[in-house]
1. How many residues are under 19 Å from residue 213 (Cα atoms) and within 24 Å of the chain's Cα centre (by Cα) when one looks only at region 249-260?
2. Show me the strands (runs of 3 or more DSSP E) entirely contained within region 1-91 in which 3 or more residues are surrounded by fewer than 14 Cβ atoms within 10 Å (Cβ to Cβ) and assigned by TED's automatic domain parsing to the domain that holds residue 120.
3. Scan region 148-166 and tell me whether some residue there is assigned to a helix (DSSP H, G or I), under 25 Å from residue 4 (Cα atoms) and in the same structural domain as residue 16 (by TED's automatic domain parsing).
4. Assuming residue 219 fulfils every condition listed in (1) buried (at least 19 other Cβ atoms within 10 Å of the Cβ); (2) without any contact (Cβ under 8 Å) to a residue 40 or more places away in the chain apart from one, which condition is it?
5. Tell me which residues, restricted to region 78-98, are more than 27 Å from residue 56 (Cα to Cα) and out of contact with any helix residue (DSSP H, G or I) (no Cβ under 7 Å at 6 or more places or on another chain).
6. Only one residue in 233, 237 is within 28 Å of residue 265 (Cα to Cα), in contact with a helix residue (DSSP H, G or I) (Cβ under 7 Å, 6 or more places away or on another chain), outside the structural domain of residue 154 (by TED's automatic domain parsing) and surrounded by fewer than 19 Cβ atoms within 10 Å (Cβ to Cβ), so which one is that?
7. Sort through 179, 189, 143 and tell me the only one that's surrounded by 17 or more Cβ atoms within 10 Å (Cβ to Cβ), farther than 26 Å from residue 15 by Cα, within 19 Å of the chain's Cα centre (by Cα) and modelled with pLDDT of 90 or more.
8. Can you pull out the residues in region 192-215 that are assigned to a loop (DSSP other than H, G, I, E, B) and at pLDDT below 90?
C-alpha cells in the first residue's frame with residue numbers, strides 16, 4: 001500500500017488539487033482529505049476491505065485514513081478528484097462544521113452521495129472557476145464551501161428531478177461526440193415530441209433544449225482548451241460548429257472572453 005503526501009510534490013498547486021483520472025490499481029491512503037465523483041462509465045471503489053459499484057454522478061467523500069483504490073468496469077471510465085491542503089482544510093472545517101458537515105470523521109466509513117444532472121453540472125462549473133496557478137487560500141475555501149452548497153441542494157433534486165428519459169439524454173451530453181450532434185439529436189434521444197422536451201427542459205433545467213446542448217458543447221471545448229493543445233479551429237469543428245465566428249461569439253457569451261484568452265488565463 002502507498003501513502004500519498006501533500007508535501008512531497010504530489011500536488012502542483014499550493015492549496016487545491018483537481019484532476020480527471022481513469023482510475024488506479026494502486027491501493028493508497030493520504031495525509032489530506034479527498035473527494036471524487038464519477039464523470040463517465042462505471043467504476044469499482046475498494047475502500048477498507050469493502051467494495052461498491054459507482055456510476056455517473058456518484059460522489060464519495062473520504063477521510064485521509066481511508067485506504068482505497070478505484071478501478072474502471074465495463075470499459076473506459078473516469079472520475080474527477082479534488083483535494084485541499086490538509087491544514088487549510090482543517091481551518092475551513094473549524095469555521096463551517098455543523099450538523100450538516102458531510103465529510104466523515106476518523107473511524108467512519110466513506111460518505112456516498114449522488115449528484116443528479118443539474119448538481120453534477122454545478123460541481124463542474126465550480127471547479128472550472130479554480131485557477132491552475134497562483135492559487136490562494138480563498139480558492140480552497142471556494143472548493144470546500146462550493147461543494148457543501150452543491151451537496152446541500154442536491155437532495156431536493158432527487159425527489160422532484162427530471163424524468164428518467166430526460167435525465168438520461170442530458171447525461172449523454174457528457175460525451176463530447178454526443179453533444180456535437182446538436183439539438184436535433186438530443187431531442188431524438190429523448191424519444192418525445194419536441195414540445196414535450198422543451199417544456200421538460202424549461203421546468204427541470206430552466207433552459208431550452210438548444211441552450212442545454214450549447215452549454216455542454218462549450219463546456220467540453222473549455223476543458224479541452226485548458227487540458228490540451230488542440231487548435232481552436234479543430235475544437236470548434238469537433239464540437240459541431242460549422243462557423244468559426246459563431247463559435248467565437250457563443251464562447252464569448254458563455255465565458256466572458258474569447259477562447260484564446262481563456263486558454264492562457266490563470
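1. So in region 249-260, the residues under 19 Å from residue 213 (Cα atoms) come out as 249-256, 259.
Now narrow it down to the ones that are within 24 Å of the chain's Cα centre (by Cα): 250-256, 259.
The number of residues fulfilling the criteria is 8.
2. Strands (runs of 3 or more DSSP E) meeting the threshold: 24-30, 50-54, 68-84.
3. To start, the set of residues in region 148-166 that are assigned to a helix (DSSP H, G or I) comprises 148-159, 164-166.
In the following step, the residues that additionally are under 25 Å from residue 4 (Cα atoms) were identified as 148.
Right, trim to in the same structural domain as residue 16 (by TED's automatic domain parsing) and you get 148.
Yes, there is a match, as at least one residue in region 148-166 is assigned to a helix (DSSP H, G or I), under 25 Å from residue 4 (Cα atoms) and in the same structural domain as residue 16 (by TED's automatic domain parsing).
4. (2)
5. 87, 90, 91, 93, 94, 95, 97, 98
6. Exactly one residue qualifies, and that residue is 233.
7. Values: 189 fails: within 19 Å of the chain's Cα centre (by Cα); 143 fails: farther than 26 Å from residue 15 by Cα.
Only one candidate qualifies: 179.
8. The answer is 206, 207.
The values are calculated or read from the model by the stated rules, or taken from the named source; none is laboratory data. Fair warning: this is a prediction, and the values are worked out from it, not measured in the lab. Don't worry about glycine lacking a Cβ; one is built from the backbone with ideal geometry, like all the others, and counts go over all protein chains shown.
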